[in-house]
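Every read-out reported here was derived from the displayed coordinates using simple, explicitly stated rules and does not represent laboratory data. Quantities reported herein were computed from a predicted structural model and do not represent experimental measurements. Here Cβ is always computed from backbone atoms with ideal geometry, including for glycine, and neighbour counts include all displayed protein chains.
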Amino acid sequence: MSVYTRGSVKTLLLVESHPPTREHLTGVLSQAGYTVRAVGEPGSAMEHFVADNPGVVVMSVDMPRLDGAHVGHLIRNYSLGARVPIVAIDKGHLGRARGVAALVDLKVNAYVADPLKPGELVGKIQSLAAASEQNAAPLKGLLAMLVRPAVLSGDLKGFPLPALLVSLYRLRRDGVLVVAHRDLTRRVFFAQGSAVNYDSSARQDALPNYLLQRQVLTEAQAERVVQALGTGLRIGAALNEAGVEAAGEELLHLLRDYTMDRLAQVIGMREGRYAFYPGDEFQSEVATVETPALAPILDGARRAMPLKTLAAPLRTHQGEFPVRTSDFGKDLGALGLNTEDLKIAMQINGRIALRDLLAHGRGDLRRGYSLMWFLRLVGDLGFSQTPVAQGPGEVAVVPDIIAPRKRKALPAETAASLREESVRIITGSYFRCLGLDITAEAEAVERAYQELATRFHPDSYAEFDTSEMKDLLDSVQEKLSAAYRVLAVEEKRKAYLQYLVSRVDVGRATTVNVDAELMLRRGEAALKRKQYRSAIIHFEEAVTLNPQEPEYYSYLAWVTFLAGVGPQEDRARAAQKVLRKALALNPYLERALIISAIIDSEMSDESSARKKLLKVLELNPHSQLAKAALRKVGR
């Protein structure tokens, strides 16, 4: 595959976690004529690779792993990743080169031990690009579209996709919208400005799982559909293969609902990158359905966007009179409004002030704001400084008046639940108030904040009288906003974690390393899911980041015994070796002694196991885990 050219400039992705090296190489490669996308984190690397479609990847051998996989593996597993030249760079310039042995299974095209050695890296890239140009086979269909430069691309922060979808609809564009976040890739296919299909690299995001959730398929049928789709069958044939009778209008209805639901999910994303690739060649490979082009925008906004984002463009129009434009009737089919939204839209007659329409009209405040925001975005809503005449000859136009709605009393059960949850939020840590584990990242923080802020906002109970709870709900909003401001930013989140962990472990002998603690928690989560390989990788990383913390070795030893390399005897020896490191740091470490005893017991050395467990009980007579292990050994 050739290096893609925009004019005379070639696009290159540089993946390097060491900032000084990354900065230096960015300058060197830019001077060599490349447009460099430089990133220092594996999730960002995949986002840029999928969305920016680079012609060459320069990748550091020692990049941190993403969910247990090296970024090189993730690139090669992507649909176009097999054709892209990858140059692996090492740390020879820092005296820390890992050597060619570190490249096993990465499938790179070249290796440079010292990327700062003059001329070597650029020379390797140029020779690979030339060879790839000569050997490149012509692509067809969807792949041919994806190797073209994207006509639009960017970051998902700030919700750029709603305006993009309006533009695609107005211009009747054909093409593929690619959205990437970390190692997740989602693609939405458009024909004449409307979404006609969707696919995802995540199994839980795919059509079979959607049909399983809708109870159209059983778990066994969903698995058969996945296997059938993997052989290249279309969805109708795959469903028949699984014994599900769905054809004609019924099948089209399912595909339409699925496409609209997943597109609404995409519209609400604010982490990752997007790119739009023009063309219609995908239609020979992808089943297509007709959908109301604009409807997913409103659905996605209501799912993910905070009320303040929806209200901001309308703030200056509060005293004006909203009126439907002439395009409203033309767009009605594409808008896909439900009955409740149509009732609100019919009240937009140019004679009711926006503030009155939102406060006293049909629907709650969030529904009203989101609909007004949506209609304004697509160009179907305008504003007049004065009431609009309804017919010819009307001289004095008087605004319509909507009487304030009488609010009902908040149900006792709802009020009690809100008070109880409010106290938990106000008194808890930032993680606890959002209902998150300390391993939660920005996307999870965003999702939890939006859900809770909406739930505890007075506007969510617009038909009820919440005056008695106003101060409490305001305090909840303040706490949630503070938690979001801290946890949504990586640097602030790590600083807060450092503070949090230091408070919990006041008597801890070793210095707290937040990154190591996060790796430990992720390893624990993987262990619970029985994803042993991923657990080993996370525990090893925790030990590397903080080799003076004995508890980390205990976890690593246990998963080594469960799922290390070789037969049980070899795994037991390897695990005991790791435990000796833990006990060298703390000879009285309870977890390490109990794990060592359990391993002895599994290897039929009950005498040694009993001695170790009795030692634990001597130190801590109340250790329930040691007592349980001793009972098992005694049997």
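What do the square roots of 5 times the Cα gyration tensor eigenvalues come to for the chain, in whole Å, largest first, as semi-axes of the equivalent ellipsoid?
After scaling each eigenvalue by five and taking roots: 49, 36, 25 Å.
Place the peptides 439-445, 469-475 in order of packing, highest mean first, counting for every residue the other Cβ atoms within 10 Å and averaging per peptide.
The densest-packed peptide leads the list: 439-445, 469-475.
With unit charges on the beta carbon (Lys/Arg positive, Asp/Glu negative), name the residue among ALA592, ALA516, PRO547 whose Cα is farthest towards the positive pole of the charge dipole of the stretch 514-634.
ALA592
Among the lysines, which fall within straight-line cross-link reach of LYS330, defined as a Cα-Cα distance under 28 Å, with same-chain neighbours fewer than 8 residues apart omitted?
By straight Cα distance, LYS330 reaches LYS343.
Which of the peptides 119-129, 543-553 is most tightly packed, and how do the rest follow, going by the mean number of other Cβ atoms within 10 Å of each residue?
543-553, 119-129
Cα to Cα, under 12 Å, and not fewer than 8 places away if on the same chain: which aspartates and glutamates meet these conditions relative to LYS117?
Filter leaves ASP90.
If you split all Cα-Cα distances of the stretch 514-634 into 10 Å bins from zero, what percentages do you get per bin, shortest first?
15, 43, 36, 6, 0
Based on the alpha carbons, how large is the Rg to Rh ratio for the stretch 306-384 when Rh follows Kirkwood?
Using Cα coordinates only, the ratio equals 0.91.
Relative to the longest principal axis of the C-alpha atoms of the chain, give the angle of the C-alpha long axis of helix 219-230, reported between 0 and 90° and rounded to the nearest 10°.
90
Excluding residues on the same chain fewer than 8 positions from LYS140, give the lysines whose Cα lies under 27 Å from its Cα.
Partners found: LYS10, LYS107.
For the stretch 408-504, compute the number of Lys pairs whose alpha carbons are separated by less than 21 Å, excluding pairs fewer than 8 positions apart on the same chain.
So the count works out to 4.
Of the peptides 171-181, 52-62, 357-367, how do they stack up when ordered by the mean number of other Cβ atoms within 10 Å, highest first?
Averaged packing, sorted descending, gives the order 52-62, 171-181, 357-367.
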